[in-house]
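Worksheet: one structure, shown below.
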Amino acid sequence: MSKQALVIGLGQFGMSLARALARNGSDVMAVDIDETHINEVAPYVADAVLMDAMEEESLSGLAPGRRDVCVCAIGDDNREGSIVVTALLKQLGAPHIIARATDDLHARILSLVGADQVINPERNYGERLAVSLSWHHVINILPLGGGLVLTEIETPESFWGRTLTELELPRRFSVTVAAIRRETDEGMVAGVPDPRSPLRDGDILMLVSKEEHVRKLTERF
C-alpha cells in the first residue's frame, strides 16, 4: 500500500520533495496558495490543492489525521504560517509531522507546537557540502541516526588492488563497508561487497560508522 503524504508549501524545497515522493511510490497531496505552483506540481502528484493551509476548516478537509506523514515545507518568507500550520496539523491528529525551519529559534517553536521532526534543508546541505569539500575523497555524508553516518567515498589509490579482508577497515578504523558502487557495462551498479575481491580505481565505497571514525580514515589518505 502506498504511503500517504501531505506536502504543504511548494517552494523549491517543497516542490522537489513532493515530486520525489511521488516518483518513489508515495500517494502525494500537494498544497499551496499559489496557483502557479499548483499547476506546476499537478502532473506529478496524486492531488494538487489550491488553498490557504492556515485556514483550519480547509486544512481539516484534507484529513491530515489519515496521512502517514505531513510535511510543512512553507518557506522562510512566512515563518508565522509555518508555525500556525504545524500547530493545526497537530490539533487535527496528524500522526507524523515534519516541519521546515529557517533557524534555531524557529526550530524550537515548531517542536513546541507539535512537529515530530524539524529539518533545515539549507543548513543540512551546507554542512554536507562542507564535508565533501574538506574531507579527502568524500562525495557525500548522510546522518542515519543513533550517532551513525553513511559516507560515500572515492576509493583512494592506496586501496586499489587490495581486498577488504586485507584492509581490515572495521578493526583499524571502526568503519563498515555496507556496499560498493562500481562502473560496469550496464552503468554504475551498487552491490554487497565481496571481501575477497580487489578494489578498483573508480569504486565508490559506502561506509557506515560514527562520524569521527570516518574522519580518522579519510585523514590517512
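Tell me, SER209, SER2 in order of fewest to most beta-carbon neighbours within 10 Å?
With the sparsest Cβ surroundings first, the list reads SER2, SER209.
Using a Gaussian network for the chain with springs between C-alpha atoms less than 10 Å apart, which of these wobbles most: LEU144, LEU17, LEU89?
Highest fluctuation of the listed residues: LEU144.
Which of the lysines could a cross-linker span from LYS90 if the Cα-Cα distance has to be under 27 Å and same-chain partners fewer than 8 positions apart are dropped?
By straight Cα distance, LYS90 reaches LYS3.
From Cα pairs below 8 angstrom and at least 6 apart in sequence, can you work out the relative contact order of segment 14-100, rounded to a whole percent?
24 percent
State the answer as a single residue: which of GLY161, THR184, VAL149 lies farthest towards the positive end of the charge dipole of the chain, with beta carbon charges of +1 for Lys and Arg and -1 for Asp and Glu, about the Cα centre.
It is GLY161.
What ranking of TYR44, TYR125 emerges when the number of other C-beta atoms within 10 Å of each C-beta is taken as an exposure proxy, fewest first? Before the final figure, lay out the partial values.
Working: TYR44 16, TYR125 11.
Final ranking by Cβ density, sparse to dense: TYR125, TYR44.
With Cβ to Cβ distances under 10 Å as the rule, what net charge do the other residues near VAL138 carry (K, R +1; D, E -1)?
0
Please label the shape of segment 1-61 as rounded, prolate or oblate, based on the square roots a ≥ b ≥ c of the eigenvalues of the alpha-carbon gyration tensor (a/c under 1.5 means rounded; beyond that, a/b larger than b/c means prolate, else oblate).
Note, shape of segment 1-61 comes out oblate.
Can you tell me what share of the DSSP beta bridges in the chain is antiparallel? A percent to the nearest 5 is fine.
On the way: 23 of 42 bridges.
In the chain, DSSP labels about 55 percent of beta bridges as antiparallel.
Using DSSP to define loop residues, name the trypsin sites (Lys or Arg not before Pro) in segment 91-173 whose beta-carbon has at most 14 other beta-carbon atoms within 10 Å.
Those that pass, being in a loop and sparsely packed, are ARG162.
Would you mind calculating the relative contact order of the chain from Cα pairs under 8 angstrom and at least 6 residues apart, reporting the percent as a whole number?
13 percent
Determine, for each peptide in 69-82, 48-61, the mean count of other beta carbons within 10 angstrom over its residues, then list the peptides with the highest first.
Packing proxy ranking, top to bottom: 69-82, 48-61.
Identify, among GLN4, VAL45, THR102, the residue whose Cα sits farthest towards the positive end of the charge dipole of segment 4-119, taking +1 on the Cβ of Lys and Arg and -1 on the Cβ of Asp and Glu, with the dipole about the Cα centre.
The one lying farthest along the dipole's positive direction is GLN4.
Along the principal axes of its C-alpha atoms, what lengths does the chain span, in descending order and rounded to whole Å?
Cα spread of the chain along its principal axes, largest to smallest: 64, 39, 28 Å.
Any idea how far apart ASP194 and LYS216 come out in nm if each label point goes 7 Å out from Cα toward Cβ?
So the label points at ASP194 and LYS216 sit 3.1 nm apart.
Throughout, read-outs are computed from the coordinates displayed, never taken from laboratory work. These numbers come from a predicted model, not from an experiment. Heads up, the Cβs are rebuilt from the backbone with ideal geometry, glycines too, and the neighbour counts pull from every protein chain shown.
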